[in-house]
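Trainee: Dumping the structure here so I can ask a few things about it.
Derivation of every value follows stated rules applied to the coordinates shown; laboratory data play no part. Everything quoted here is computed from the prediction, not taken from an experiment.
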Amino acid sequence: MLMTLDFAIPTLGSFADVLPNLIASGANPLAHVLDKESAISEFLGFKVKLSAISIVVCGALMFCLLWIAAGRISTGPASDGTSRFLTKGRVSQIVEVLIQGLRDGMIEPLLGKATASYYMPLLLSLFFFVLAMNLVGLIPVGDAQELAFALGGGNHGAAAENLIFFGGTATASISVTAGLAVVSLFAMLVQASRELGLKGLFEHMCGGKELLYGPKGLLLVVPIIFIVEVLGLFIKPSALAIRLFANMLAGHTLLATIFMFTAMALKAGGWGLAAPIGVISIAFAVAISFLELFVAFLQAFVFMFLTAVFISMMSHHGEHDAHAHAEGQSDGHGDKYGAHAH
């Protein structure tokens with residue numbers, strides 16, 4: 001019992017000593033958000049960022065989750081009766097609703113059924129992968145490791161940061177979002193080559209056949225349009241990367257700043273001043289955490305949705321659907337008039 005008390009007393013004292021520096025991070029809230037080197041680098045022999053570890057972990061978690069959900073969503077054996085058509089498990093039901101909603105409410109109306117079927121695996125993978133990285137970033141795993149190191153007798157600072165193996169928000173790193181944007185750019189180019197071909201892509205980048213093969217005087221604006229289209233080809237995915245990076249970085253920085261107020265009060269006036277400020281800070285942090293949860297889903301959807309929009313801009317399926325709709329109307333009128341004739 002005495003040994004237990006001796007251990008507990010310095011631990012509580014250490015907690016009071018290290019807490020201000022830990023949550024304030026030297027009055028720099030970005031220290032909790034910016035990408036750092038993982039402690040696993042010492043074992044691998046080369047530098048690895050926390051964002052790279054998060055990418056692997058989130059990818060593996062989401063793969064396992066979707067694999068299990070797919071098995072529970074699929075139709076069971078005939079011996080189960082009508083229950084074989086029911087999805088098993090709450091998580092699997094949520095996944096099914098998300099996929100059906102995205103497919104029927106957004107992807108197919110935007111891309112058309114044939115094109116949507118081709119890009120469905122990519123778009124859904126982007127959505128769930130970005131969502132997983134956003135949600136994992138809401139869990140303060142890195143801060144928990146740093147706190148454990150500080151309470152264990154280590155000094156807060158560079159040494160503590162080097163003890164963090166995993167944590168942080170991968171999508172708050174511009175290198176991660178830029179990599180995802182390259183995937184979107186590649187999908188745009190693939191759709192352009194499938195739908196338009198190299199010649200059609202060049203005509204599209206020059207403003208279309210009407211401008212390229214129209215009156216000779218209009219050729220003067222073709223170089224300007226070509227430059228603008230080439231820039232737009234890279235600006236569109238760049239905007240995706242910056243939007244996702246900025247939203248995730250801003251939200252986590254705001255949370256770190258709110259907790260920093262408690263640390264500043266603790267240093268200035270002790271627990272008497274820090275306690276009420278801490279209660280207010282926690283209340284605001286909880287509210288912002290719910291907002292961050294909404295933003296995590298929203299940004300995953302926006303990234304996938306805009307990728308689908310950029311893919312659709314490289315396709316003529318809309319014109320084809322319009323022609324088919326017009327032909328269907330004309331056929332319907334023909335049948336109608338034929339019926340009256342009979």
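Trainee: Using the structure shown, select from 199/236; 49/113; 88/236; 209/236; 113/199; 36/236 the pairs with a Cα to Cα distance greater than 32 angstrom. Could you put the intermediate results ahead of the total?
Mentor: Values: 199/236 22 Å; 49/113 40 Å; 88/236 40 Å; 209/236 23 Å; 113/199 25 Å; 36/236 28 Å.
Check vs 32 Å cut-off fails for 49/113; 88/236.
Trainee: Would you mind calculating the gained length between residue 65 and residue 239 on full extension (0.36 nm times residue separation, minus the Cα-Cα distance), in nm to one decimal? Intermediate results must be reported in sequence, preceding the final value.
Mentor: Numbers: separation 174, 0.36 × 174 = 62.64 nm, distance 2.96 nm.
Contour length minus the Cα-Cα distance gives 59.7 nm.
Trainee: Report the extension gain between residue 257 and residue 271 in nm, rounded to one decimal, defined as 0.36 nm multiplied by the number of residues separating them, less their alpha carbon distance.
Mentor: Details: separation 14, 0.36 × 14 = 5.04 nm, distance 1.87 nm.
Full-extension gain reported as 3.2 nm.
Trainee: Follow-up question, since we're still on this one. Going by Cα centres, the stretch 251-289 and the stretch 92-128 are how many Å apart?
Mentor: 41
Trainee: Let me ask something additional. Considering only C-alpha atoms, what is the centroid distance from the stretch 52-77 to the stretch 205-226, in Å?
Mentor: Cα centres, the stretch 52-77 to the stretch 205-226: 48 Å.
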